[in-house]
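Let me begin by presenting the structure, written as structure tokens, before commenting on it.
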Amino acid sequence: MEIKILAKTIRLAAFVAVGACYGLVTHVVAVAHEAVAETQAFTEVEQHRPTPLPDRVVLTWSGDPTSSIDVTWRTDLSVGKPVVEYVLASELLGDLRAEVAGREQATGTSNEFSSDLGKCLLHSGQISGLQPDTMYAYRVGDGEHFSEWFQFRTASTSSTPFTFVYFGDAQNDVRSWWSRVVREANQHAPRAAFMLHAGDLVNNGNRDADWGEWFGAAGWLNGMIPVVACPGNHEYIDGLSRHWRPQFAFPENGPPGLEETAYWIDYQDARIISLNSNERIEQQKAWLESVLQDPKRPRWTFVTFHHPIFSAARGRDNPVLRAAWREILEDNHVDLVLQGHDHAYARSGLGGPKNVPEGLRRANSNTVYVVSVSGPKMYPVQEAWDVSRNASGAQLFQVIHVEPHQVRYEARLATGKLYDAFTLKKDNNGTSVLVEQYPPGEEIRR
């Protein structure tokens, strides 16, 4: 090794000496500096440039999760007719002949989209007529250029237990900081039914680079586990982000003008309701009440929106929102309200701070409020309202297990360590009891 290094040093010295004889040393050094500068330049346009190969593949639902699923993806402008090929996963076992024989096609739609980094095509397709509680494999493309094969499972028509993951704001430094959180969450809930995002998925909803980081951080998980999301204030830049509706296919069963931002989905034993806390707060009241008073509403109800009913960070409060929605949520026995925005963590008991012995909580309200953050941006925690558990300066994700008579809730740090937990039990009369189960130890305050 020392001989090789010495030989290279001698050759370089000789080259410089010869160059000096011809007055070329300055030019050589300048060219070298230019070459280094060129290799360091890697613009956002280059980082996030679309190609004929599909990327940013994401599953959502606009219809019934027992029999359909939606998939959205991106390509450059050269791609022709978009298609979704799918097959029963049990028939795709590595035999190429079976792949050809068993697959079906669904035709998608394409829309030209102009972002701040240039133009692309955003494609969307729905697979319908599926069997409940069945695993399918699919890929997207144009007949020539295809994505890899992904897999998903349709919802069951029975009260089968399921798990989902809930994230507060990812928002900042998503590629470098949030990526390990969403991937660690997958380690704890590898068969999650869906991933729920309580707004502020990105920092600037109209920057394509921000969305590129978000899709890159979750990667293939978005193509395997459906996304349920509500918009945060950072998805509102002079109105709703131009990216939101083209890249997500959510239900259009909400109030007029709030399509795909206020909506509801029934998944097995639960109704998931997304509200839009950025605008038209009053308009959503009657709609929310009607969705909650639906006689076909399942046993459990989870509501998500961005701005909290009770704020978790200092100097932040939403009295207008609280006055508009809190009574409706609690009077109609919503079980969990999952929120973001405050870049801190706080979780209530049932309807407030009333305690009884042995770690049990009872109250007239059956509603538990949670505020959480999954990204690296943090605010000091609020001390104004009594909570069971809170934190400041900790990235968290929540794994929620839904069973016929109980919901088990876990909040975990980015390392996977358990930080908060409870079990919410409900009897046949709808009466709930909350059992506190968070581990011993000091709360995180930074």
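The values are calculated or read from the model by the stated rules, or taken from the named source; none is laboratory data. Bear in mind that the values here come from a model prediction, so they are computed numbers and not experimental data. With ideal geometry, Cβ positions are generated from the backbone for all residues, glycine too; neighbour counts draw on all protein chains shown.
Taking the conditions exactly as written (exposed (fewer than 15 other Cβ atoms within 10 Å of the Cβ), touching a residue at least 12 places away in the same chain (Cβ under 8 Å), closer than 16 Å to Ala346 by Cβ and out of contact with any strand residue (DSSP E or B) (no Cβ under 6 Å at 6 or more places or on another chain)), does Asp427 satisfy them or not? The answer is no for Asp427.
Scanning the stretch 389-416 for residues that are surrounded by fewer than 22 Cβ atoms within 10 Å (Cβ to Cβ) and among the β-branched types (Val, Ile, Thr) turns up Val399, Thr415.
I want to confirm something. Restricting to the stretch 226-241 and keeping residues that are out of contact with any Gly (no Cβ under 8 Å at 6 or more places or on another chain) and not hydrophobic (A, V, I, L, M, F, W, C), which single residue is nearest to Val71 (Cα to Cα)? Here the answer is Pro226. Taking residues in the stretch 285-296 that are over 11 Å from Leu275 (Cβ atoms) and assigned by TED's automatic domain parsing to the domain that holds Ala262, and partners anywhere that are part of a helix (DSSP H, G or I) and among the polar types (S, T, N, Q), not one pair has Cβ atoms closer than 6 Å while being at least 6 places apart or on different chains.
Among the residues that make up the stretch 367-390, is at least one of them at pLDDT 95 or above, assigned to a strand (DSSP E or B) and over 25 Å from Trp300 (Cβ atoms)? Checking the stretch 367-390: not a single residue is at pLDDT 95 or above, assigned to a strand (DSSP E or B) and over 25 Å from Trp300 (Cβ atoms). The condition of being within 14 Å of the chain's Cα centre (by Cα), hydrophobic (A, V, I, L, M, F, W, C) and part of a loop (DSSP other than H, G, I, E, B) holds for only one of Ala192, Ala185, that being Ala192.
Taken over the stretch 391-413, the residue count meeting the criterion of being assigned to a strand (DSSP E or B) and either under 23 Å from the mean Cα position of the chain (by Cα) or small (Gly, Ala, Ser) (or both) is 16.
Just checking, which of Asn111, Asn172 is out of contact with any strand residue (DSSP E or B) (no Cβ under 9 Å at 6 or more places or on another chain) and under 26 Å from Asp210 (Cα atoms)? Just one listed residue meets the conditions, Asn172. Taking the conditions exactly as written (within 15 Å of the chain's Cα centre (by Cα), surrounded by 15 or more Cβ atoms within 10 Å (Cβ to Cβ) and aliphatic (A, V, I, L, M)), does Ala155 satisfy them or not? Here the answer is no, as Ala155 does not meet what is asked. Listed by first and then second residue, the pairs with beta-carbon distance under 6 Å, at least 6 apart or on different chains, first residue in the stretch 268-281 and farther than 18 Å from Glu235 by Cβ, second of a type in the set (Gly, Ala, Ser), are Gln268/Ala155; Gln268/Ser156; Asp269/Ser159.
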